[in-house]
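Taking it in order: structure first as structure tokens, then the write-up.
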Amino acid sequence: MGTIAIPEPNMDILARRQEIVQDLQKLVSGEGVISDPTELVPYETDAFTAYRRVPLAVVLPQTTEQVAAVLKYCNKAGVPVIPRGAGTSLSGGAIPQEDAIVIGVAKMSRVLDVNYSNRTATVQAGITNLNVSDHVGPDGFFYAPDPSSQLACTIAGNIGMNSGGAHCLKYGVTTNNLLGVKMVMLDGTVLDIGGEHLDAPGYDLLGLVCGSEGQIGIITEAVVRILPKPEGARPVLFGFETAESAGECVASIIAAGLVPVAMEFMDKLAIEICEAFAKAGYPMDVAALLIIEVEGSEAEMREQLGKIIEIARRHGVKTIKESQSAMEAAAIWKGRKSAFGATGRVADYICMDGTIPTGQLPYVLARMAQITDHYGLRVANVFHAGDGNLHPLILYDVNDPAERQKAEDAGNDILTLCVEVGGCLTGEHGVGIEKRDLMRVQFTEEDLRQQMLVRAVFDPAWQLNPAKVFPLDGRVSGQAA
Amino acid sequence: MSDLTPASEAELVSMVQQAMSDATPLFVRGNGTRSGLGRTVQSATTLSTSNLSGITLLEPAEMVFSAKAGTPVSVVEAALAEHGQALTFEPMDHRRLYGTDKEPTIGAVAAGNISGPRRIISGAARDSLIGVRFVNGKGELIKNGGRVMKNVTGLDLVKLLSGSWGTLGILSEVTFKVLPKPIHSATLQFSNLADDKAIAALCEAMKSQFEASGAAHLPAGLDGDQAKTLIRLEGFETQLRYRLDQMAKYLSEFGKAEEIAEAESAVLWQGIRDCGPLAEPTDHAVWKISVAPTKGADFMARFASTHDTRYFFDWSGGLIWVAIDPQTHADAGASALRKLLAETGGHATLMRGPADLRSRIEVFHPQPAAVMRITSQIKNTFDPQNIFNPGFMYSGV
Ligand SMILES: Cc1cc2nc3c(=O)[nH]c(=O)nc-3n(C[C@H](O)[C@H](O)[C@H](O)COP(=O)(O)OP(=O)(O)OC[C@H]3O[C@@H](n4cnc5c(N)ncnc54)[C@H](O)[C@@H]3O)c2cc1C
């Protein structure tokens, strides 16, 4: 077993299981309440699969009113609530506990309105990320944040985690592309925050909600920014003989005033794993690979690429390969975006998500190698190089408890290193349970207390996704509203 | 009126602790270029961040800088310009509106979430603000966010602080991400379009792939006799040329576009950024209104049918600046604006107005009861004794 504590269930609540399920069935009829033990199993974890807890019940409402009714009930009954989208969290953000109700928004997945003139789409929060882009795609628009999990993950989960993607160097992360939400508070109050207009009249509650990991309320609808697709986009592969020269190349590109839409890094092991899976045509004889994407008109792309190639040459680039067709471009991205899935076919892994100042890249790469060597583990590195968001995938065997412990320890060492060099524990995957006990590495008690006090305004008794984000000891409760 | 001007974070902390134990409310400001905004605050002591000045981190290759809160925006901009970079959100300079002097500070840009015309393409100040250090009303030094541009560790208090106008904490240091400064820019001008037509043109421009970085409409009489519909484009030389040509063609149904070259274009957008067209007469009240772009023209037509106003649109029609004479309209149109906004969606802030007006009407847009309750409770967690700008935004907040 791993070492991350999940609180013991409240026996009192467990004893009321049947009564609670019956009450929920009155609020959400038909198949909206899942209580059969085998049907509950798919909800026992998310993509942080090393930890599992079967919840008391799962509720899949279809309307905001149902979400409000269920929350109000849980609030009164003192039952913890775990908000859930698609359950692809890599940090255990959506992992339940035995005495909790999971409220999943996956059945609320419709597009409610699209307004191209305002460049906005209003959607139910359970829609998948890719479906938003697919919906507006035929009209030449897209939704910019593109987590690799976009086929499965929901806008609700994206908001919960403030998710990013490969293209956020230019377009920003979820919080920069979100204009409004409908959110239900624990007491059943429905708030409309923001809308198709810009900026907040008072405090920026939208900014607070985004990335709050299901601890503030349940989001049922969202207004997101949609953007016109660029005229063209072209990913180019740059292979380097050392990871350091690839890292330095990235810094030089930015220093030269060029901001490509994406700059993704893969090391040798990651290249091998992804190439075997996606047959993307990645060069196999290099130590590090950069996927750099430029966009715009043909002439714009040429000009940008020309400058980037010149810089890459100065850093001793070994191979340069431009995608020659839409199919090749798609294959290049398929390889990168399936990096986690492809790795999962080779071994169990935990995926780190620290961010570092990009200037520290060479040092951090070297130190990370030392750390994983020390534990005798293998690591595959893929990351968003332009913004310093690292994703070392630490490979291990989940059935070997000693190795699992080592993997967790190595992960903690790497994240501590990220903070030490001026970065942070998580760039886009969230704290969840995974990084919860490391929060004191990054924050002081005062920092954490201020965050917890704000959290307590929305959930004074810690009922919403309670085991997450903040260390279990030293928690601050609020006064009941 | 006594002034506190801490020169270090430690001094700031001890001054706040002192104010807390004396229960002395503090009027928090940078260099005061925006005095004239907000509800009227009763407090004898002003705390200015003017002595907390200097850039503390400048990493062009990481597109990031940190500066102490009182650092003049001009100092920041000059330092960034040396590396060909800029604040992407083009912060408004309020001195023309308020007739103030001195230098606007970077901390106030963060605290007020102050953006300009580029907000429609690059996001607001809060979107570029990635880290803060501040002292809360208990005299605790708190940090949130950091210096890396992707960071989701814990609750995002950076966003809460941005736009809280000093009511939650006194910022001591702020960190922004930046972008390369556009190499060239120019403007396309369409003339004589009615508001609804003009905003349709702006929205059409924003739907295109040519990345308009400004989309404004000045009705006739504001800046010359002709209505001007303005679309700013940017890029390196050939890219800009291409974009100007393509955009003019793409919008040809709105008439023939005139090109305004770089230098003149820059002056024009600075005026729009700073609400120049409505700065005079200085005794007129000025509103900043945010609506969905497609609602802008109709909203203004309805308001103007009952009120004598001058106005212009930015942000593709979604930002409306409105000037109104409080002598003619005693509440400066507040109740009518807000009634209309209840239908349209959006909000209105009174950016300028005589003190007596600001004590009679809500300066910041009134919020629903549930949101107001949350607002007060959040304020209470940062500043339980209500010593920072008490009542600046809302009663008790
Ligand atoms: C293969 C793979 C690749 C990935 N790639 C990326 C990537 O490139 N970038 C990235 O950022 N992430 C990535 N992720 C992580 C994950 O996909 C994101 O965190 C995603 O946003 C989670 O969405 P979800 O719908 O699965 O949410 P869940 O996992 O179900 O929930 C995520 C969090 O949001 C909360 N939540 C869910 N629904 C609501 C709601 N309605 N209201 C309030 N809170 C709610 C949950 O409680 C939880 O804390 C990847 C994951 C996998 C498995």
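Once the C-beta distance of residue B:372 and residue A:285 is scaled by a Förster radius of 60 Å, the resulting FRET efficiency is 0.40 to the nearest 0.05.
Under 8 Å for C-alpha pairs, at least 6 residues apart: give me the relative contact order for region B:268-353, rounded to a whole percent.
Details: 131 pairs, mean separation 34.2, N = 86.
RCO, region B:268-353: 40 percent.
With no solvent and one point on each alpha carbon, what is the Debye value of log10 I(q)/I(0) for region B:85-232 at q = 0.12, 0.13, 0.20 Å⁻¹? Listed by q, the Debye log ratios stand at -0.63, -0.72, -1.18.
Where does the charge balance sit around residue B:196 when Lys and Arg score +1, Asp and Glu -1, over other residues with C-beta under 13 Å from its C-beta?
Working: positive: B:197, B:295, B:302; negative: B:195, B:204, B:298.
Counting the neighbours of residue B:196, the net charge comes to 0.
Between residue B:267 and residue A:3, the FRET efficiency from the beta-carbon distance, with R0 = 56 Å, is close to 0.35.
Run the numbers on region A:111-228 and let me know its relative contact order in percent, using alpha-carbon pairs under 8 Å that are six or more apart. Relative CO of region A:111-228 lands at 32 percent.
Per residue, chain A reaches -10500 deg cm²/dmol at 222 nm when only DSSP H runs of four or more residues are counted, each adding -39500 (n - 2.57). With the simple model of a label 7 Å out from the Cα in the direction of the Cβ, residue B:283 to residue A:446 spans 4.8 nm.
For region A:118-259, take N as its residue count and report Rg(C-alpha) divided by 2.2 N^0.38 Å. Provide the component values of the computation, followed by the final result.
Values: Rg = 17.4 Å, N = 142, 2.2 N^0.38 = 14.5 Å.
Normalised by 2.2 N^0.38 Å, the Cα Rg of region A:118-259 equals 1.20.
Nonpolar atom fraction for region A:377-481, defined as the carbon and sulfur part of the 1.4 Å probe accessible area, stands at 48 percent.
Rounded to the nearest 10 degrees, the angle from helix A:401-420 to the longest Cα principal axis of chain A is 70 degrees.
Order of A:211-218, A:452-459, B:18-25 by packing, highest average Cβ count within 10 Å first? Walk me through the numbers on the way to the answer.
Numbers: A:211-218: 26.8, A:452-459: 22.6, B:18-25: 14.6.
Highest mean packing first, the order is A:211-218, A:452-459, B:18-25.
In Å², and per residue, what accessible area does chain B have when probed at 1.4 Å with the other protein chains present? Don't jump to the answer; show the numbers that get you there.
Working: 13730 Å² over 397 residues.
So chain B comes to 35 Å² accessible per residue, rounded to a whole number.
A simple spin-label model places the labels of residue B:258 and residue B:306 3.7 nm from each other, with each point 7 Å out along Cα-to-Cβ. Computed with the Debye formula from one identical point scatterer per Cα of region A:266-338, without solvent, the log10 of I(q)/I(0) at q = 0.27 Å⁻¹ comes to -1.30.
Principal semi-axes of the equivalent ellipsoid, √(5λ) from the alpha carbon gyration tensor of region A:339-481, are 30, 18, 13 Å from largest down. Residue A:464 sits among other residues whose Cβ lies under 10 Å from its own Cβ, and their net charge, with Lys and Arg +1 and Asp and Glu -1, is 0. Taking label positions 7 Å along the Cα-Cβ direction at both residue A:29 and residue B:355, the computed distance is 6.3 nm, reported to one decimal.
Please name the residues of region B:106-121 whose accessible area, counted over protein heavy atoms with a 1.4 angstrom probe, falls by no less than 30 Å² between the chain alone and the full protein assembly. Buried on complex formation: B:119, B:120.
For the pair residue B:18 and residue B:51, a Förster radius of 22 Å applied to the C-beta separation gives a FRET efficiency near 0.85, rounded to the nearest 0.05. Shielding value for B:52-64 is 4, the average number of Cβ atoms from other chains within 10 Å of each residue's Cβ. Distance distribution note for region B:184-273: the fraction of Cα pairs above 22 angstrom is 17%.
Computed with a 1.4 angstrom probe on protein heavy atoms, the B-A interface buries about 6400 square angstrom of accessible area in total. Each Lys and Arg contributes +1 and each Asp and Glu -1, all at the Cβ; summed about the Cα centre of chain A, the dipole is approximately 320 debye. Remark: C-alpha extents of region A:11-104 on the principal axes read 34, 30, 23 Å, sorted largest to smallest.
With respect to chain A, whose longest principal axis is taken over its alpha-carbon atoms, helix A:361-375 is tilted by about 60°.
Give me the distance between the Cα centres of region B:119-178 and region A:107-142, rounded to whole Å. Between the Cα centres of region B:119-178 and region A:107-142 lies a distance of 30 Å. Per residue of A:107-118, other chain Cβ atoms within 10 Å of the residue Cβ number 3 on average.
Return one whole number: the accessible area per residue of region A:252-327 in Å², for a 1.4 Å probe.
40
Computed over region B:290-397, the Cα gyration tensor eigenvalues convert (square root of 5λ each) into semi-axes of 28, 17, 11 Å, ordered from largest to smallest.
Hydrodynamic estimate: the Kirkwood radius of region A:271-310 over Cα pairs, inserted into Stokes-Einstein at 4 °C and 1.567 mPa s, corresponds to D of 108 µm²/s.
Just to confirm the number: angle between the C-alpha axis of helix A:17-27 and the first principal axis of chain A, 0 to 90 degrees, nearest 10? The angle comes out near 80 degrees. Pairs exceeding a 29 Å alpha-carbon distance, out of A:76/A:107; A:435/B:181; A:170/B:68; A:406/B:143; A:307/B:150; A:229/A:468: A:435/B:181; A:406/B:143; A:229/A:468.
Per residue of A:244-251, count partner chain C-beta atoms within 10 Å of its C-beta, then hand back the mean as an integer. Each step should come with its number before you reach the end.
Working: counts 0, 0, 0, 0, 1, 0, 1, 4.
Rounded to a whole number, the mean comes out at 1.
Per residue, the convex hull around the alpha carbon atoms of region A:347-420 comes to 68 Å³.
Sorted from greatest to least, the principal axis extents spanned by the alpha carbons of chain A come out as 68, 56, 43 Å. Adding -39500 (n - 2.57) for every DSSP H run of four residues or longer, then dividing by how many residues chain B holds, sets the calculated 222 nm ellipticity at -9000 deg cm²/dmol. Scoring B:266-274, A:223-231, B:39-47 by mean Cβ neighbours within 10 Å over their residues and listing the highest first yields A:223-231, B:266-274, B:39-47. From the largest down, the protein assembly as shown spans 78, 63, 57 angstrom on the principal axes of its Cα atoms.
Note on residue B:228: lysines with a C-alpha under 24 Å away, same-chain residues under 8 apart excluded, are B:197, B:207, B:249, B:256, B:288, B:295.
The values are calculated or read from the model by the stated rules, or taken from the named source; none is laboratory data. Every value quoted in this text rests on a predicted model; they were computed, and no experiment measured them. Because the Cβ atoms are built from the backbone with ideal geometry, glycine has one as well, and the counts that use them run over all protein chains shown. The protein model used for the area step is the full one, side chains on, heavy atoms only, and it has no ligands, DNA or RNA in it. Shrake-Rupley method; radii C 1.70, N 1.55, O 1.52, S 1.80 Å.
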